[in-house]
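This report refers to the structure that appears directly beneath it.
The values are calculated or read from the model by the stated rules, or taken from the named source; none is laboratory data. These numbers come from a predicted model, not from an experiment. Heads up, the Cβs are rebuilt from the backbone with ideal geometry, glycines too, and the neighbour counts pull from every protein chain shown. Note: accessible area is taken over every heavy atom of the protein model, side chains too, but ligands, DNA and RNA are not part of it. Shrake-Rupley method; radii C 1.70, N 1.55, O 1.52, S 1.80 Å.
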Amino acid sequence: MPKRILVLATRNPGKISEFKELLSSFSVEIKSLQDFGPIPPVKEDGDTFEENAYKKAHTTAKILGFPVLADDSGLEVQALGGLPGVRSARYAGEKATDRDNNLKLLEAMKGVVDRRASFRCVICIAVPRGPALTYEEACHGEIIHEMEGDRGFGYDPIFYYPPLKKTFAQMTVEEKNRVSHRGKAAAQLRDEFDKVLLWLEQRLSEEV
Ligand code: IMP
């Protein structure tokens with residue numbers, strides 16, 4: 001029987017190789033948007049990570065006619081009522097760099113005593129007709145007072161993880177993957193992937 005195809009709703013080479021590696025021992029052919037022609041971009045305008053991940057996965061699945069995996073993630077700061085949240089990538093403006101976003105957040109946190117913050121990640125797998133599975137994980141830490149560390153991306157330099165006494169930007173990739181929101185959500189998906197493949201078989205046989 002030919003392998004089932006699962007499409008990753010991303011063109012980001014880092015994400016593509018991470019998911020391919022994660023699911024390499026399963027009987028599934030992983031493709032990504034790189035393997036298809038241009039398709040209309042999906043607007044990430046939901047109020048939650050779950051809404052955005054589902055919208056990306058389902059819209060892409062409908063367009064391509066294959067099951068699609070999408071993820072959405074970001075940082076929620078307790079004292080800011082959950083900001084930057086779903087706006088994490090664009091916190092300091094549409095064209096903001098990671099540095100712009102970090103500086104804006106440090107400014108917003110000046111004098112704030114409650115520094116608690118959580119990274120959240122939702123991974124969603126949807127079939128063209130609509131049904132979907134979601135995996136959600138969080139990593140809890142604190143916003144420090146100035147950037148520390150030069151690895152990683154996004155808010156890594158200002159997110160301090162007390163159990164390892166390091167910011168995400170001071171961790172190796174392996175250290176970060178063991179504790180991060182994305183690493184834990186991906187591990188959950190991998191641990192259940194046999195069941196996911198069965199679920200896909202059932203859903204896709206209902207589509208015809
Ligand atoms: P996306 O889910 O890849 O679209 O990520 C949204 C935004 O959330 C990124 O642009 C980062 O600003 C932030 N973000 C998500 N995950 C991380 C992380 O592991 N470290 C630092 N920033 C992150």
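Going residue by residue through the stretch 135-144, is there one that turns out to be modelled with pLDDT under 95 and open to solvent by 70 Å² or more (accessible area, probe 1.4 Å)?
Scanning the stretch 135-144, I find no residue that is modelled with pLDDT under 95 and open to solvent by 70 Å² or more (accessible area, probe 1.4 Å), so the answer is no.
Scan ALA53, ALA57 and give me the residue that is in contact with a Leu (Cβ under 8 Å, 6 or more places away or on another chain), within 14 Å of the ligand (Cβ to nearest atom), more than 19 Å from HIS145 (Cα to Cα) and open to solvent by less than 80 Å² (accessible area, probe 1.4 Å).
Exactly one residue qualifies, and that residue is ALA57.
Of the conditions (1) modelled with pLDDT under 95; (2) under 23 Å from ARG120 (Cα atoms), VAL68 clears all except one; give me its number.
So the condition that VAL68 fails would be (1).
With within 11 Å of the ligand (Cβ to nearest atom), free of Cβ contacts under 8 Å to residues at least 40 places away in the same chain and not hydroxyl-bearing (Ser, Thr, Tyr) as the only criterion, which of ASP100, ASP35, ASP72 stands out?
ASP100
Take LYS195 and decide whether it is closer than 28 Å to ARG90 by Cα, surrounded by fewer than 20 Cβ atoms within 10 Å (Cβ to Cβ) and either modelled with pLDDT of 95 or more or of a type in the set (Phe, Trp, Tyr) (or both). Give the derivation first.
Details: closer than 28 Å to ARG90 by Cα: no; surrounded by fewer than 20 Cβ atoms within 10 Å (Cβ to Cβ): yes; either modelled with pLDDT of 95 or more or of a type in the set (Phe, Trp, Tyr) (or both): yes.
Here the answer is no, as LYS195 does not meet what is asked.
Identify the residue in the stretch 77-95 that is over 15 Å from ILE158 (Cβ atoms) and assigned to a loop (DSSP other than H, G, I, E, B) and, among all such residues, is farthest from the ligand (Cβ to nearest atom).
GLY81
Restricting the search to the stretch 120-134, which residues are of a type outside the set (A, V, I, L, M, F, W, C) and open to solvent by 20 Å² or more (accessible area, probe 1.4 Å)? First the steps, then the outcome.
Restricting attention to the stretch 120-134, the residues satisfying the condition of being of a type outside the set (A, V, I, L, M, F, W, C) are 120, 128-131, 134.
The answer is ARG120, PRO128, ARG129, PRO131, THR134.
What number of residues in the stretch 176-185 are within 12 Å of the ligand (Cβ to nearest atom) and either open to solvent by 30 Å² or more (accessible area, probe 1.4 Å) or in contact with a helix residue (DSSP H, G or I) (Cβ under 6 Å, 6 or more places away or on another chain) (or both)? It would help to see each step written out before you state the result.
Kept after step one, since they are within 12 Å of the ligand (Cβ to nearest atom), are these residues of the stretch 176-185: 176-177, 179-185.
With either open to solvent by 30 Å² or more (accessible area, probe 1.4 Å) or in contact with a helix residue (DSSP H, G or I) (Cβ under 6 Å, 6 or more places away or on another chain) (or both) added as a condition, the list becomes 176-177, 182-184.
Of the residues in that region, 5 qualify.
Provide a single number: the residues in the stretch 1-24 that are closer than 15 Å to ARG190 by Cβ, assigned to a helix (DSSP H, G or I) and hydrophobic (A, V, I, L, M, F, W, C).
2
For the stretch 87-111, give me each residue that is in contact with a strand residue (DSSP E or B) (Cβ under 6 Å, 6 or more places away or on another chain) and of a type outside the set (Gly, Ala, Ser).
Within the stretch 87-111, TYR91, MET109 qualify.
What's the number of the condition THR167 fails, among (1) hydroxyl-bearing (Ser, Thr, Tyr); (2) within 13 Å of the ligand (Cβ to nearest atom); (3) open to solvent by 60 Å² or more (accessible area, probe 1.4 Å)?
That leaves (3) as the condition not met.
When the stretch 150-169 is examined, which residues are found to be farther than 16 Å from ASN101 by Cβ and in contact with a Phe, Trp or Tyr (Cβ under 9 Å, 6 or more places away or on another chain)?
If the condition is that a residue be farther than 16 Å from ASN101 by Cβ and in contact with a Phe, Trp or Tyr (Cβ under 9 Å, 6 or more places away or on another chain), then ARG151, TYR160, TYR161, LYS166 are the ones that fit.
Within the stretch 107-117, is even one residue among the charged types (D, E, K, R), open to solvent by 40 Å² or more (accessible area, probe 1.4 Å) and within 16 Å of the chain's Cα centre (by Cα)?
No: the stretch 107-117 contains no residue that is among the charged types (D, E, K, R), open to solvent by 40 Å² or more (accessible area, probe 1.4 Å) and within 16 Å of the chain's Cα centre (by Cα).
How many residues does the stretch 107-141 contain that are more than 14 Å from the ligand (Cβ to nearest atom) and more than 18 Å from GLU50 (Cβ to Cβ)?
Qualifying residue count for the region: 12.
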